[in-house]
Amino acid sequence: MSGGARVAGGGGADAGRDILQLMTGLFPICRSITGDGLRETLSILKRDIPLEIREVPSGTRVFDWTVPKEWNIRDAYVLDPRGKKVIDFRRSNLHVVSYSIPVRKTMPLAELKGHLHSLPDHPDWIPYRTSYYREDWGFCLRHTDLLALEGGDYEVVIDASLAEGSLTYGELVLEGRTKDEILISAHACHPSLANDNLSGVGLATLLAGELAKAPRAFSYRFLFIPGTIGAITWLARNEKTAQRIKSGLVLAGLGDPGHLTYKNSRRGDAPIDRAAAHVLGQVSPPGRIVGFSPYGYDERQYCSPGFNLPVGRISRTPFGEYPEYHTSADDLEFISAASLGDSFEKILRILDVLEQDGTFLNLNPKGEPQLGKRGLYSKAGTEEMALLWVLNLSDGGHSLLDIAERSGLRFDSIKKAAGKLAEAGLLAEKAAGGTGR
Amino acid sequence: MSGGARVAGGGGADAGRDILQLMTGLFPICRSITGDGLRETLSILKRDIPLEIREVPSGTRVFDWTVPKEWNIRDAYVLDPRGKKVIDFRRSNLHVVSYSIPVRKTMPLAELKGHLHSLPDHPDWIPYRTSYYREDWGFCLRHTDLLALEGGDYEVVIDASLAEGSLTYGELVLEGRTKDEILISAHACHPSLANDNLSGVGLATLLAGELAKAPRAFSYRFLFIPGTIGAITWLARNEKTAQRIKSGLVLAGLGDPGHLTYKNSRRGDAPIDRAAAHVLGQVSPPGRIVGFSPYGYDERQYCSPGFNLPVGRISRTPFGEYPEYHTSADDLEFISAASLGDSFEKILRILDVLEQDGTFLNLNPKGEPQLGKRGLYSKAGTEEMALLWVLNLSDGGHSLLDIAERSGLRFDSIKKAAGKLAEAGLLAEKAAGGTGR
Amino acid sequence: MSGGARVAGGGGADAGRDILQLMTGLFPICRSITGDGLRETLSILKRDIPLEIREVPSGTRVFDWTVPKEWNIRDAYVLDPRGKKVIDFRRSNLHVVSYSIPVRKTMPLAELKGHLHSLPDHPDWIPYRTSYYREDWGFCLRHTDLLALEGGDYEVVIDASLAEGSLTYGELVLEGRTKDEILISAHACHPSLANDNLSGVGLATLLAGELAKAPRAFSYRFLFIPGTIGAITWLARNEKTAQRIKSGLVLAGLGDPGHLTYKNSRRGDAPIDRAAAHVLGQVSPPGRIVGFSPYGYDERQYCSPGFNLPVGRISRTPFGEYPEYHTSADDLEFISAASLGDSFEKILRILDVLEQDGTFLNLNPKGEPQLGKRGLYSKAGTEEMALLWVLNLSDGGHSLLDIAERSGLRFDSIKKAAGKLAEAGLLAEKAAGGTGR
C-alpha cells in the first residue's frame, strides 16, 4: 500500500515533450537486433537512467534459438549505369534490408530487382524489411524511384559485417519495498522508425526516471531489448527471476494520433489486465481493450505457456491498423508530444492502481458509522458515494480496485475515500499487499 | 413448502383502496424520528395489526450512534413586520425543519433568510428538510412566498422541545412453521409526505393483515421504524435475531404512477433477489432490477458488511428520480389506490415464490412417464410445457424457482404443475425447505 | 485421436442425391410405431447397412410404458351416399388416422364428421393424425373435400388389425477404438412424410455407410426407432449400455430449405453441444443454436433426468416453424438433395470434431520455438495464427476444440496446425482422448 507512483499532472504534457526530445536524438541511428546502433542507443538512454548494458555472445543457445551473429553496417548504395547513386543508405537507413550480408557486385537491373522492395500502394514511402535468420541482402526504396530505374548494369555495395559478436540489451531495476516486480519492456531494435518503437523506448526511459523519484511498493524491471530474440534471451537467462514478475507491460506505438489500446495478457484477468481496463474505461474517450492473441510484440514470449507471465501490451493504434507502420512514414512527424504525454499519464495511472491498491477492514461494520459527527458527511455525490462504497465493501474480501470496479467510481476517488476513513479511524489495512502481490 | 401466502385477486384493487384509506388518516400527523407524531402513527396501525411498541431511551448507544433526544413540536410560525403570519406550521408541517430547536425571536429579514429553504425550480412546492444531528432551526416555504417577503423585522416562533425521552418503533412477528424469517421494513419518520413513506407504512400494515390470515412457511417480522437510526437501533438490540432473517424487503415509495423497481441486496443472488427478478420479469411491463448500492433507505443498514442480510428494496419510481420527492407535492394526490394495489399484489407474489418454493424428485426419471394414461396430457402449450419442465428438472438439484427461471414460465404455472404431478404420484418432495431456507 | 471420420467433399452433393434416392423408395410405405410398414422400411435400409432388426413383444413393460399392440392396415375408404369413394387410403396413407381400430359401418354425415380431420387454413393439404394410446378411428382429408361432402349415409371401412404382435426397431453398432459411443437416432414411424422424418432415416443410413469406411475413435450406435415408445424401449433394454454414450444426435427434418438448427442437450455444454456450436458458428450463414427444452423428438427421452445423456438434436427448420409439418405438403417436393447433402456434410464435420479432438503439449513451451528454421514460418495469416495459437495454448489444459473456440479459427485449421507441429517434433499428444472421451 501507499507506494510512491504519482500521476503526472497536466495530462503529461511535460513528459510528452521530454520523450519527443529524447526520441529526436535517437531517431537517426541505424539500429538492428544486434550491433553498434543498438549499443549507441542504450548508451544515450544511460545518460538519463542508470541502465545496465548486457552483452550476450553470438552462438549462445537461448531455449530453441541461438543468439545470431552481430551485424554492423557502414555504408550501402546502388549506382545506376551512369554512376548516379540511386539508392543511398546515408539518406535513410531504411534503404537497406536489416541484416543484409556484405555485397559488392555489378549486375543487370533484372537481377537487382529481385533484391528490391517497394510499396506500390504508397509509392512515396520506403518500406522497412529485415532478414535476420536467413542470409540475404536487399534494398528498400520508394516505388516511384523503382519505376524510374532504367535498364543496364548497376553497381551494388553493402559495406556491412555479419560476424561473431554479441547481442546487446539494457536492463534497469528500481527496487521497491517488495521483490515482487512489474516488468516494463520496450523493443529497441528498429532503425529510423518513430512510433514503432522509439516511442516505447522514450516513454519507458522517462517512466523509469519518474518512478525513481519516490519509494515504490513494487520493484520495477525495465528492459530495452531487441524484439523476439531479446525477450527470449532475457527469459532464458532469468528463468527464476521471471517468476517474480507480478505484472508487466510491453510498450509499443505510443505516439500516434489514435486512442489507447490495451491488449490483455494470456491470463485475461491478471491485476494488470484489471487495472488497465479500469483506467482505460474511465478516460474519455474510453480506451480499447482487446483479447490476448499469440501474435504481436514481445508479449508473445512473456506469455508463452512455459512462463504465462501476466504481461499485457499497451499501444495507441495497434500495429497493422495504420498504414505508416514499418515504413518511412513512421517518422517524427507522425507522432506528437501530446500523444506521448497522454500515453505517459495513463500508463502512470495504471501503475498507480497496482501501487496503491490494498484491502481494508471496516472497523465499524455493523450499520453505517455516523459520518456526520466526524465531519465526513458531504452532500457532494461522488465523494460521499466513495465513502459509502468503501465502508460497505471493506469486509476483507474486496480490494480498493474491486470496490472501484463494482461502484463504477474512479480508483483514485476510492483510494482517497479510504484514506479519509483510515484517518478517521474507521478503516484499517487488512494485510500488506494489494492487487497482484 | 406450501405455506399460506396467497396472491391477492383482482390485481390488489381492494388492498389498494384500504391502504389509501389508512394513509389518508395518517397523512396530517407531524412525524419525525422521535416524538409523539411517530407514537400516534404506530398506535393507529395497532388498530389493524397487533404491533408491539418499543421505546428506547435517549442516550442509548447503538453501535456507532446514540439515540437522540426526543423532539416534539406544538406550534411554529413567522410573523411579518405587519404582524401577518407568513409561515404557519398549522397549515403544513413541512414548514418547519424537522428537529428545529425552540426559537422565539425577532430578527430582520436578512437574518431570517439564512434559515429559510425553498425550491426555485418548483416555486409552489414546500421542501422537506431535517436537521437531526446538528442543532439548528429553520423554515421551509414556497419560493413564491419567499420572494414576496418585504424588508423589516420578523417574529419567529418555534414552540418545540428537544429533550431526554425515547425513540419509538413498532414491531410485529407472525410466527411461521420455521423460525427462518422474512423481514418487512418501512420507515415511518416522515411528516406529511405520501409516497415517501406512508405508502410503505400503509402497505406493510395491510400485508401483515393479509399474511396473518393463513399459516406460513416462514416467520415474518415487520418493522415500522424511523429511518437510519431506527434500523441501527433494531440491529443493535437484535444482533442474534437478525441472523434468522433469510430474506427481506425494505418498502418505500409504492404509490406513485411509475412501474416497480427492485434493488438487489448486497449479495445480489439471494433468494429474495431471484424471486423479485422472476416476478418482475414476468409482469407487463416488466419491472426494473437495479444493482445494490450503499445509498438509499434502510437497506444501507441491513446490508452493512457486519450483517450483510439478504434484504432488497422495492419501490415504484426510485427516490431522486421524481421531482415531487421530499416536497409538499408528494401528497395524497400524487399516489393512487391502483398503484398501491399493484405494488401490494406483486409483493405478495414475490413472497409467494419464497413461501411456495421447494425441490422435488421425479419418481419416474427414466424416460418420460406416460402422461396420457393419467389424464395429464394436454395440448395446451404452457400447461404441458410446465409438466414436462418439472419432470425433466426434478432431479433433486433444481428447485421450482430454478425450473421457472430456466423454462421462462411463471412460477405459479410451475408450482401448479408440480402439484398435479405430486397428486399423480409422479413427484415427491425431496426435503423440507425451498428457496432461502 | 485421429479417428477416421472424414468430411465429405463437394458439400455433400453426392450424399444428398443418394439420400434422396433412398427416401424416394421409402416414401410410399405406410409406417406407424409398429407393424409391417416399419418392418419393410428397416429391411430396405438393411440392403445398405448391416442393421440388426429387433422385435419387442406387445405388452412388454418399458419403464412407465407398455409396448402397444401391433397395428397393421390393408385398406380404408369412405363411400358417399352415391357409392363414390370420397376418401381412399390407397391414394394417400395420411387419409387414415394412424392406429385407427377396424371399422365397417354406415353412418350419417353428421356422425362421420366427428371422425374427420382437415386443415381449414391449408384447405388442399391432408393433415397427419395419430391415436396410439387411445382406441379411436378417424380419417384425414383436404378441407375442400370435406366441404364438398353432401348429406346422407356414408359407408366407412377401415380394414386394419390391432393385435398382439411386436414393436420393431433397427440397430447398428460400428465398433471404434474405444467402447465410448456416439448415438445417432432417427425416428422411423411416420407414413408418407418426407422431411419428418424420412430425411433423418435416409441421412442416418448414408452416415452409417460413410463412417463404416474407415477406422473410428468412437463406436457409433445407430437407432431407427418409432418415436417416444421406441426410444423408451431401447433405453429400458439397454440401461447399462446407455452409459457408454458420450455424445449423441437425434436426426430429424434435414431436407427442407431452411438453415441448420442445433438444439442443445440438457447439459448444454456437453462435447456434442460445443462441437455443434463450433461448426455451425463457422458456416455461412451460421446455423442456429437453441437451448434445451423437454419438448421435441426423442431427445426428450435420452435427456430425461434418469439418463441425462449428452444428446442434442439437429434439424434444419425446427418442427412447428414450417406449415408443411405433419401434412401431406411434407412430401418429396418439399425437400431437396442440396439441403440433405448440406446437412450430411455439416453433421460429418461435427462428428469430425469429436473424432479428431485431442490435447497436446507444447514441447518447447518457454518462448516461441523458432518456426523459420523448421520451414513452418509463413506469412499467410490464418495458417501462421493457427500454429501460434496451438503452441500458445497447448499447455495440457486446452484441447484442440478449446483452442479453436478461443482463437475463432476453424477446428480443421487448428487440427492441421497441430499435425504440422507434431511432425516437427514441437508437439506431443498429452494423453489418449479428446472431447467427450
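The values are calculated or read from the model by the stated rules, or taken from the named source; none is laboratory data. All values reported here derive from a predicted model rather than from experimental measurement. Positions of Cβ are generated from backbone atoms using ideal geometry, with glycine treated the same way; all protein chains shown enter the neighbour counts.
The number of residues in segment C:372-395 that are modelled with pLDDT of 95 or more and not in a helix (DSSP H, G or I) comes to 2. Every condition in (1) within 14 Å of chain A (Cβ to nearest Cβ); (2) over 21 Å from B:Leu42 (Cβ atoms) is met by B:Arg216 except one, and the failing one is (1). For the condition farther than 23 Å from B:Gly268 by Cβ and facing chain B (nearest Cβ under 9 Å), A:Leu376 does not qualify. Looking across segment B:141-156, just one residue is surrounded by fewer than 18 Cβ atoms within 10 Å (Cβ to Cβ) and either within 28 Å of B:Glu70 (Cα to Cα) or aromatic (Phe, Trp, Tyr) (or both), and that is B:Glu155.
Among all residues of segment C:249-266, there is at least one that is within 14 Å of chain B (Cβ to nearest Cβ), over 15 Å from the mean Cα position of the chain (by Cα) and over 30 Å from C:Ser92 (Cα atoms).
Selection within segment B:273-298: residues that are under 20 Å from A:Gln370 (Cβ atoms) and in contact with a helix residue (DSSP H, G or I) (Cβ under 9 Å, 6 or more places away or on another chain). The member of this set that is farthest from the other protein chains (Cβ to nearest Cβ) is B:Tyr297. Scanning segment C:358-374 for any residue that is closer than 30 Å to C:Asp18 by Cβ and in contact with a helix residue (DSSP H, G or I) (Cβ under 7 Å, 6 or more places away or on another chain) turns up nothing. Among the residues of segment B:299-325, how many are closer than 29 Å to B:Leu94 by Cα and within 10 Å of another protein chain (Cβ to nearest Cβ)? The qualifying residues number 3.
Screening B:Asp269 with (1) touching a residue at least 24 places away in the same chain (Cβ under 8 Å); (2) under 22 Å from B:Gln356 (Cβ atoms) gives one miss only, at (1). Checking segment C:16-30 against the condition returns no match, with no residue being of a type in the set (Lys, Arg) and either assigned to a strand (DSSP E or B) or over 20 Å from the mean Cα position of the chain (by Cα) (or both).
In segment C:342-361 there is at least one residue matching the filter, namely being within 14 Å of another protein chain (Cβ to nearest Cβ), more than 20 Å from C:Gly230 (Cβ to Cβ), out of contact with any Asp or Glu (no Cβ under 6 Å at 6 or more places or on another chain) and not in a loop (DSSP other than H, G, I, E, B). Confirm whether B:Ala404 is closer than 20 Å to B:Ser284 by Cα and either small (Gly, Ala, Ser) or within 11 Å of chain C (Cβ to nearest Cβ) (or both). Here the answer is yes, as B:Ala404 does meet what is asked. Scanning segment A:92-136 for residues that are more than 18 Å from A:Ala148 (Cβ to Cβ) and aromatic (Phe, Trp, Tyr) gives A:Tyr99, A:Tyr128, A:Tyr132, A:Tyr133. Cβ separations smaller than 9 Å between residues 6+ apart or across chains give the following pairs from segment B:130-154 residues that are more than 14 Å from chain A (Cβ to nearest Cβ) and under 30 Å from A:Pro369 (Cα atoms) to residues that are modelled with pLDDT of 95 or more and in a helix (DSSP H, G or I): B:Phe139/B:His95; B:Phe139/B:Leu112; B:Cys140/B:Leu94; B:Cys140/B:His95.
All of A:Ala217, A:Ala236, A:Ala212 fail the test of being touching a helix residue (DSSP H, G or I) at 6+ places or on another chain (Cβ under 9 Å) and either among the small types (Gly, Ala, Ser) or over 30 Å from A:Ser328 (Cα atoms) (or both), apart from A:Ala217.
Exactly one residue out of B:Thr228, B:Thr233, B:Thr261 is touching a Leu at 6+ places or on another chain (Cβ under 9 Å), surrounded by fewer than 22 Cβ atoms within 10 Å (Cβ to Cβ), β-branched (Val, Ile, Thr) and at pLDDT 95 or above, and it is B:Thr261. Residue check: B:Val67 meets all listed conditions (1) in contact with a His (Cβ under 6 Å, 6 or more places away or on another chain); (2) within 14 Å of chain A (Cβ to nearest Cβ) but one, namely (1).
Is it fair to say B:Tyr154 is of a type in the set (Phe, Trp, Tyr) and under 27 Å from the mean Cα position of the chain (by Cα)? Outline the logic, then answer.
On the way: of a type in the set (Phe, Trp, Tyr): yes; under 27 Å from the mean Cα position of the chain (by Cα): no.
So B:Tyr154 fails the test.
The residues of segment A:202-233 that are under 15 Å from A:Glu181 (Cα atoms) and of a type in the set (Phe, Trp, Tyr), listed by number, are A:Phe218, A:Tyr220, A:Phe222. Just to be sure before I move on: is C:Gly227 in a loop (DSSP other than H, G, I, E, B), in the same structural domain as C:Arg313 (by TED's automatic domain parsing) and in contact with a Cys (Cβ under 9 Å, 6 or more places away or on another chain) in the structure I sent? Here the answer is yes, as C:Gly227 does meet what is asked. Just checking, which of C:His95, C:His117 is touching a strand residue (DSSP E or B) at 6+ places or on another chain (Cβ under 7 Å) and without any contact (Cβ under 8 Å) to a residue 40 or more places away in the chain? Exactly one of C:His95, C:His117 is touching a strand residue (DSSP E or B) at 6+ places or on another chain (Cβ under 7 Å) and without any contact (Cβ under 8 Å) to a residue 40 or more places away in the chain, namely C:His117. Output the number of residues of segment C:241-258 satisfying the condition of being in contact with a Leu (Cβ under 8 Å, 6 or more places away or on another chain) and either among the aliphatic types (A, V, I, L, M) or outside the structural domain of C:Ser185 (by TED's automatic domain parsing) (or both). The number of residues fulfilling the criteria is 5.
If you go through segment B:333-352 one residue at a time, do you hit one that is on the phi > 0 side of the Ramachandran plot and at pLDDT 95 or above? Scanning segment B:333-352, I find no residue that is on the phi > 0 side of the Ramachandran plot and at pLDDT 95 or above, so the answer is no.
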